[in-house]
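Notes follow the structure.
Laboratory data are not the source of any read-out in this text; all were calculated from the coordinates shown. From a predicted model like this one, the values you see are computed outputs, not experimental measurements. Cβ coordinates were reconstructed from backbone atoms using ideal geometry, including for glycine residues, and neighbour counts include every protein chain displayed.
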Protein chains: 2
Amino acid sequence: MIGQEMFRVMDRAQALERQGHHIYHLELGNPRMAPPPDLIEATMQALRARHLGYAPMAGLRELRVGVATRYASLAEEALTEAHVVISPANLLIHQFLDITCDPGDHVVCFTPAFPSYLAAASHLGLHVTAVPLAETESFQLTRDRVNAALASRPRAIILNNANNPTGALYSPAVVKELAGRCEEAGIWLLSDETYADLTFDGRFTTLASAQARHVVVMSSFSKVFSIPGFRTGYALAHEAVTAKLALSNSTLYSCLPAFTQLGCLAGLTVIDEYVADIRARSARLSGTCADRVNRSGVLRCQAPESGFYLFVDISRTNLDDMTFCRRLLDEQHTAVTPGRSFGSAYTSFIRLATCGQEDDVLEGVSRTIAFAQNLGGCRVQAA
Amino acid sequence: MIGQEMFRVMDRAQALERQGHHIYHLELGNPRMAPPPDLIEATMQALRARHLGYAPMAGLRELRVGVATRYASLAEEALTEAHVVISPANLLIHQFLDITCDPGDHVVCFTPAFPSYLAAASHLGLHVTAVPLAETESFQLTRDRVNAALASRPRAIILNNANNPTGALYSPAVVKELAGRCEEAGIWLLSDETYADLTFDGRFTTLASAQARHVVVMSSFSKVFSIPGFRTGYALAHEAVTAKLALSNSTLYSCLPAFTQLGCLAGLTVIDEYVADIRARSARLSGTCADRVNRSGVLRCQAPESGFYLFVDISRTNLDDMTFCRRLLDEQHTAVTPGRSFGSAYTSFIRLATCGQEDDVLEGVSRTIAFAQNLGGCRVQAA
């Protein structure tokens, strides 16, 4: 779920493609790296072996054991399969809010924020309080922002570390303080760690805990393995919470396919070697793109610390995000995401995704910069 | 989703299996026939070809065209891909109720009814009015029952034709009258046609319509192709409704895998030949099992007209459904579904699923009958 604005961009991009134009796709976090061969082979093997029936509602036990073992090591905590539920990550946001909140409750999101948080909250009749992170503070989560979030006395807080769209990685001390204070105050905390596997320095701060009763960690195999089409993610939480999430799975969609889960299990056995390459590639390509943006004289962005997004400040172009996106698509055949998808305040930002084919990404970034320079060239020189 | 009672049966069955016992599984509609080879091959081919990214929120266009073409022919109506949305069938029940009803609204289910209707309605805060179909009328949908449903002035009605658990196939005239009167009255109608492909005489009454503004048809590839693990179903409705369902897909889970949809598309091209064999097999095996039940002297059921379920009246055993299921599992290692899963009134029924391995099904039915006869033998002779 990427917001209504985004659909308009994608519809227009598709219309141009039907007219025969090549479009540079920097709008979606649809990674195009090659997944681990073992993952695809295990999926096909499971299909051949006719794993085609219903699977357990909480997810395949073997995969839950695999996830628990990995996070036990990362968190240095005793975690077992009882602390893990398999479900599509996008749906887990919805399921978390559904089991923890009642209609009318308040939820805090630190912004800019992944649009699915806002969409899920809105769908469930929840009010979202945006606690904005400051561009002047590199979009970092500060103690000040933690205090602001807790002071609004929400039912739940959603944290996204590392962050989509800014690529910021938060201080482990501040993140752990947030979790501890949520636990004390009985405030639910969803820690979305989908991009924690992709930090450029290999640092991975997880809040996964068997003891914490109000902290739910979620992540996805989509980005780390370049398999968004598998629609497979997972949550780690106290057993009382995983039991509710498993029941929610059962009520909503019964179970996930066994063969996709067996594929993810095979991926998990090679994740450390595999992800080292992906991290190096992401760091290099995101870094190159961020440098170009920041040397453009008209656009600027933070150097990301994880993932493959750049959150680009376009304020010097004097165009709002929707106009920028529409004209960039029409004039330069380059699709990017308008900033307002990540919170209504971000109309002078766009998001670039650098996870596509490398040549396409570099050309799309060049076109975005050229478009902005042609617009704002005189003004920049005058500044 | 098969109800809380069912989970208890399955937990106990698993415990016995862990102790090394062979369990005869007649509790789940988890068909074990071989799917069309083309379907599995196309799924693997799509994995090899790296169809691993995001897919359109409404479902793959090719699959939507395939479904529309098939139903256009069945319904003798002009239907296009704009009238089709792909989504897991179990979730579609939830999505239908979510987009058509508000919390507190009334929904009618004809009972006995598939437990997911009751679970989805309960999850969304809706009140369910059960309109029971009479065992003495072979659980048929009569004009009388249609009148009763409409007289309660619900926001929505859920119809399941052919029916799970009774195997009854309703009169096309009565079903069409229900749809027409819902349309006139502005009452939403969900027509779950998951078992319409499996009628023993090949008759297929669909309510799919491009014109009707309040009628939503849903079905699934799970049962017809023996691939419940694919979690792929579809809805057919007016464009205004499919647009809302597609947005619901996007909000909840983004999209379904492309490779499973491409597999289903390959299945759709061979469905007519394939399903002829499945129907013949189901008719023969269900018929044999129903005959044995009805010759038992203590159990009885309607002869099913579709699918693979038998809804068996156990009242002559003087055991309630939960006790019957628990003891049958412990004493005869045979798992069946308690009747109350299909509505609170059905405590003197059990459901047998005859879609497993044939030898296991026949042995499980024999054990069920033997168990009932050993309980009720004296009483039956006295009757």
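Output the Cα-based Rg and Dmax of segment A:231-383 in Å, rounding Rg to one decimal and Dmax to a whole number.
20.3, 62
Counting only other chains, what is the mean number of Cβ atoms within 10 angstrom of the Cβ of each residue in peptide A:310-322? Write out the running numbers ahead of the final one.
Working: counts 0, 0, 0, 0, 0, 0, 0, 0, 0, 0, 0, 0, 0.
That average works out to 0.
Taking each label point as 7 Å beyond Cα in the direction of the beta carbon, state the distances from residue A:80 to the same residue in the other copies, shortest first, in nm.
5.7
Can you list the residues, at least 5 places off or on another chain, whose amide H is less than 5 Å from the amide H of residue B:233, using H built in the peptide plane?
HN-HN under 5 Å from residue B:233: B:87, B:89, B:221.
Name the residues whose placed amide hydrogens come within less than 5 Å of the amide hydrogen of residue B:305, ignoring near sequence neighbours (fewer than 5 apart) on the same chain.
B:168, B:169
Per residue, how big is the convex hull around the C-alpha atoms of chain B? Give it to me in cubic angstrom, could you?
133
Cut-off under 16 Å on the C-alpha distance; same-chain residues fewer than 8 positions from residue A:176 excluded. Which aspartates and glutamates are left, in chain and number order?
The reachable aspartates and glutamates, counting only those whose Cα sits under 16 Å from residue A:176, are A:76, A:77, A:144, A:184, A:192, A:193.
Average partner chain C-beta neighbours within 10 Å, per residue of B:71-78?
What the average comes to for B:71-78 is 0.
Using unit Cβ charges (K, R positive; D, E negative) and no other charged atoms, how large, in debye to the nearest 20, is the dipole of chain A about its Cα centre?
460
Defining a contact as two alpha carbons under 8 Å apart and six or more residues distant in sequence, what relative contact order in percent does segment A:84-209 show? Walk me through the numbers before you get to the answer.
Working: 175 pairs, mean separation 29.3, N = 126.
It comes to 23 percent, rounded to a whole number.
Helix A:358-382: angle to the longest alpha-carbon principal axis of chain A, degrees 0 to 90, nearest 10?
50
What percent does the relative contact order of chain A come to when contacts are Cα pairs within less than 8 Å and at least six residues apart?
25
Would you kindly compute the Cα radius of gyration of the protein assembly as shown and its largest Cα-Cα separation (Dmax), both in Å?
27.3, 106
Just tell me how shielded B:44-55 is by partners: mean number of partner chain Cβ atoms within 10 Å of each residue's Cβ, no decimals.
6
Can you tell me the order of B:209-219, B:331-341 when each peptide is scored by its average per-residue count of other Cβ atoms within 10 angstrom, highest first?
On the way: B:209-219: 21.0, B:331-341: 23.8.
The packing order, highest mean first, is B:331-341, B:209-219.
Rounded to the nearest 10 degrees, what's the angle between the helix B:271-294 long axis and the longest principal axis of chain B, both from Cα atoms, 0 to 90?
Helix B:271-294 and the main axis of chain B meet at about 20 degrees.
Enter the angle in degrees (range 0 to 90, nearest 10) between the Cα long axis of helix A:172-185 and the first principal axis of the Cα atoms of chain A, meaning the one along which they spread out most.
Around 50 degrees separate the two axes.
Using just the alpha carbons, could you tell me how many Å³ per residue the convex hull of segment A:72-136 encloses? Walk me through the numbers before you get to the answer.
Values: hull volume 8.2 nm³, N = 65.
Cα convex hull per residue, to the nearest whole number: 126 Å³.
Using the charge dipole of segment B:37-269 (Lys, Arg: +1 at Cβ; Asp, Glu: -1 at Cβ; taken about the Cα centre), state which of B:217, B:141, B:267 has its Cα farthest towards the positive end.
B:267
Give me the percent of DSSP beta bridges within chain A that run antiparallel, rounded to the nearest 5.
For chain A, the DSSP antiparallel bridge percentage is about 45.
Given R₀ = 30 Å, what would the calculated FRET efficiency be for residue B:138 paired with residue B:78, taking r from the Cβ atoms and rounding to 0.05?
Working: r = 35 Å, r/R0 = 1.17.
Once the sixth-power term is evaluated, E becomes 0.30.
Would you work out which of A:9, A:30, A:286 lies farthest towards the positive end of the dipole of chain A? Charges go on Cβ: Lys and Arg +1, Asp and Glu -1.
Value: A:9.
Could you give, in nm with one decimal, how far residue A:7 is from each other copy of that position, shortest first, with labels 7 Å out from Cα toward Cβ?
For residue A:7, the other copies' label points sit at 3.3 nm, shortest first.
Would you please put A:165-173, B:274-282 in order of how densely packed they are, using the mean number of other Cβ atoms within 10 angstrom per residue and starting with the highest?
My ranking of the peptides, most packed first, is A:165-173, B:274-282.
So, in Å, what gap is there between the alpha-carbon centers of segment A:70-89 and segment B:85-138?
Measuring centre to centre over Cα atoms gives 35 Å.
Looking at the protein assembly as shown, send over the antiparallel percent of its DSSP beta bridges, to the nearest 5.
45
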